[in-house]
1. How many residues are hydroxyl-bearing (S, T, Y) and at pLDDT 95 or above when one looks only at the stretch B:326-353?
2. Identify, by number, the condition in (1) out of contact with any helix residue (DSSP H, G or I) (no Cβ under 6 Å at 6 or more places or on another chain); (2) within 13 Å of chain A (Cβ to nearest Cβ); (3) free of Cβ contacts under 8 Å to residues at least 24 places away in the same chain that B:E116 doesn't meet.
3. Spot the failing condition for A:P268; the list is (1) in contact (Cβ under 8 Å) with a residue 40 or more places away in the chain; (2) within 14 Å of another protein chain (Cβ to nearest Cβ); (3) assigned to a loop (DSSP other than H, G, I, E, B), and only one is missed.
4. Applying the selection to the stretch A:289-303, what residues are of a type in the set (D, E) and either within 19 Å of A:P83 (Cα to Cα) or within 23 Å of the chain's Cα centre (by Cα) (or both)?
5. Looking only at the stretch B:141-161, decide whether some residue is crowded, with 18+ Cβ neighbours inside 10 Å, touching a strand residue (DSSP E or B) at 6+ places or on another chain (Cβ under 6 Å), of a type outside the set (S, T, Y) and farther than 25 Å from B:I322 by Cβ.
6. Does A:Q192 fit the bill of being surrounded by 14 or more Cβ atoms within 10 Å (Cβ to Cβ), within 14 Å of another protein chain (Cβ to nearest Cβ), assigned to a loop (DSSP other than H, G, I, E, B) and at negative phi?
7. Can you name every residue in the stretch B:164-189 that is free of Cβ contacts under 8 Å to residues at least 24 places away in the same chain and within 13 Å of chain A (Cβ to nearest Cβ)?
8. For the stretch B:168-189, how many residues meet the condition of being modelled with pLDDT under 85, assigned to a loop (DSSP other than H, G, I, E, B) and buried (at least 17 other Cβ atoms within 10 Å of the Cβ)?
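The values are calculated or read from the model by the stated rules, or taken from the named source; none is laboratory data. None of these values were measured; they are calculated from a predicted model. Positions of Cβ are backbone-derived with ideal geometry, glycine not excepted, and every protein chain shown enters the neighbour counts.
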There are 2 protein chains.
Amino acid sequence: MRVTSPDWIIVGAGFTGAVLAERLASQAGRRVLVVDRRDHIAGNAYDYRGPWDILVHRYGPHIFHTNSKKIWDYLSRFTEWRPYFHHVVAHIDGKYAPIPFNLNTIEDLFPRRMAEAMTQGLIDTYGYGAKVPILRMREEGAEQLRYLADYIYRKVFENYTFKQWSLKPEELDPSVSARVPIHVSRDDRYFQDIYQAMPVDGYSAMFARILAHENITVSTSTEFEAVRGLYPGAKVVFTGPIDEYFKFEHGALPYRSLRFRLFERPGPEAQPVGTVNYPNEFDFTRITEFKHLTGQRADGTILIEEYPEAYVPGRNEPYYPIPTGDTAAALVPYQAMAHQLKGKVWFAGRLGDYAYYNMDQACGRALALFEKQLAVT
Amino acid sequence: MRVTSPDWIIVGAGFTGAVLAERLASQAGRRVLVVDRRDHIAGNAYDYRGPWDILVHRYGPHIFHTNSKKIWDYLSRFTEWRPYFHHVVAHIDGKYAPIPFNLNTIEDLFPRRMAEAMTQGLIDTYGYGAKVPILRMREEGAEQLRYLADYIYRKVFENYTFKQWSLKPEELDPSVSARVPIHVSRDDRYFQDIYQAMPVDGYSAMFARILAHENITVSTSTEFEAVRGLYPGAKVVFTGPIDEYFKFEHGALPYRSLRFRLFERPGPEAQPVGTVNYPNEFDFTRITEFKHLTGQRADGTILIEEYPEAYVPGRNEPYYPIPTGDTAAALVPYQAMAHQLKGKVWFAGRLGDYAYYNMDQACGRALALFEKQLAVT
């Protein structure tokens, strides 16, 4: 595989890489070679048509949501959207109760009087519409609200956290646990962003359009090592794992991985909503049913279970940077090494920055990187 | 039927026998002959495809549930699972109210004010989430809670017990009656285990996979007597009735048996949940509708009624060891006889141990027996 001397090599065809390639090609007139070691574009957002023509997300459910009009408008040039508001229920005490925990959840789980008293207590203390971190409520609330906070902690947070990270809540960075809120409202949606939608033809189709520029060449199933020597003058954006780029010289950055189990069932929907969390049962954290996400109707249905597991480089995929203080510190020496390559190699994206980005954040990071640095390089 | 000199003869192809056969064959490299007098494998867990392709459990409903990750992981090598949380309602005063008795049951059965006062009394006395044996509540509770305990005793426990065992509650071992709790919560599930699921293709298919090892030969419709003389050197695991093995020399161990009546109905589900208990009416104890258990959708439905009856060896099946002090004592002489056969014959399983095991317990008993004794034999 050969390309007429690209100006840029972009490693990784996920959100960060694809958006940067598009910007460099269309706005700066650069020739760009995008390589990805996988056999497909779209990174972890990759989807394909499975049985019954149902769109399947190979790397787990991807639901697009953003508050940024800029990012929304940018991606809207490459796809039409189907408005979709994701709902999640958690299996708690035998009920499928809405998550994040809100007033409906309280009503579903507790006896009527108790639920009414809790609801009134929350409204009186925090105001209708507030989002209160349960760890805060656990410390400062009246007895009944402390009980509620404890209940949520035990039945929703603690076991799920242990499955997800194999860490006890107190071992996690406080920013993670602080984020688990109870929502003093009856809004059952999992996200509250202004824009919430799924690309009508799927993510892979959207990525194909993002990358469909005459200045862009895409080569999948291609390692960076196979092309870097061919174009010594090309600048590089590396969206793979920053520690791998530097051959793990300062040790491997700790990630959490996932194993997925896809399965099919005949018949209509198997779940009441898109995702069911199982904090307290089984080894998987959650099951997602794709038909809810895509709005498709079919005689069968496809679901995916997620089993968190330890990350082993070369054996499975690095999905989540592990959010503890230690791990943030582990990034520092790699950032210093990256600094030495300034002007030649840029690191970006979930794996390049070692930061958990949602899809819109990855897209936003790429747009900002282009505007502030690459456009003027 | 002939086998090249098996190292082991296993009598019974239920959970205990199948798991031991698999372990001996795959882990210890032994040749194993499994015989069962019935014309099928899977013991009482046997299922088959009935009308509308619905999976029918010939020997009554079998719902898998366990807290043991070890047992779950072991069986997961032989089947996929469908998460299933079993719900039972009892027909009480003309209502179908959830069992075990919990706060929802109170709400379904009593007028609102009365129900709220009882609920509040339970929460104040025992705390939300507690499980309180009704015999304890009957002795120590406030007047209203004593009334409730009496009500449950009369409407749920007493008559059901008499049908099930043909014994008055006071004739039963206290460990049985002490187990009947009221659950101060809204958790309606019949079980609270971490793993609760049904094998996707049914139990018989799972057993076929457990036994599908080149070192295992299975012979159904075969009495132990027909093969024991052929292989005098083989060690034996006997999972049949221990008293039958010793020709009832110390009398028959008392069991309770069941008669089943299967019936079909056109149309969708005939019951609100998987099992409906009838403590106070009819001669059957309960009716189970298989579609709820399997999650199948079909134009018809199949149900099964259970009629407890006396056990008569040779005429019906021994299902439940009768839980009284007398019966436990009756086992002692047989245990002594079994001890004489140490190193040659092992007794295990519900009938071999004369103990009421759930499916996961039978599986766990077999795994432990293999690890502690058979692996090193």
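1. Quick first cut of the stretch B:326-353, residues hydroxyl-bearing (S, T, Y) only: B:327, B:334.
Now drop any that are not at pLDDT 95 or above, which leaves B:334.
Total satisfying the criteria: 1.
2. For B:E116, the failing item is (1).
3. (1)
4. Residues of the stretch A:289-303 that are of a type in the set (D, E), as a first pass: A:289, A:299.
Within the stretch A:289-303, A:E289 is the sole residue that qualifies.
5. So far as the stretch B:141-161 goes, no, none of its residues is crowded, with 18+ Cβ neighbours inside 10 Å, touching a strand residue (DSSP E or B) at 6+ places or on another chain (Cβ under 6 Å), of a type outside the set (S, T, Y) and farther than 25 Å from B:I322 by Cβ.
6. no
7. none
8. So the first thing to find is which residues in the stretch B:168-189 are modelled with pLDDT under 85, and the list is B:168-180.
Narrowing the set further to residues that are assigned to a loop (DSSP other than H, G, I, E, B) leaves B:168, B:172-173, B:178-180.
Still in the running and buried (at least 17 other Cβ atoms within 10 Å of the Cβ): B:172, B:180.
Residues meeting the conditions: 2.
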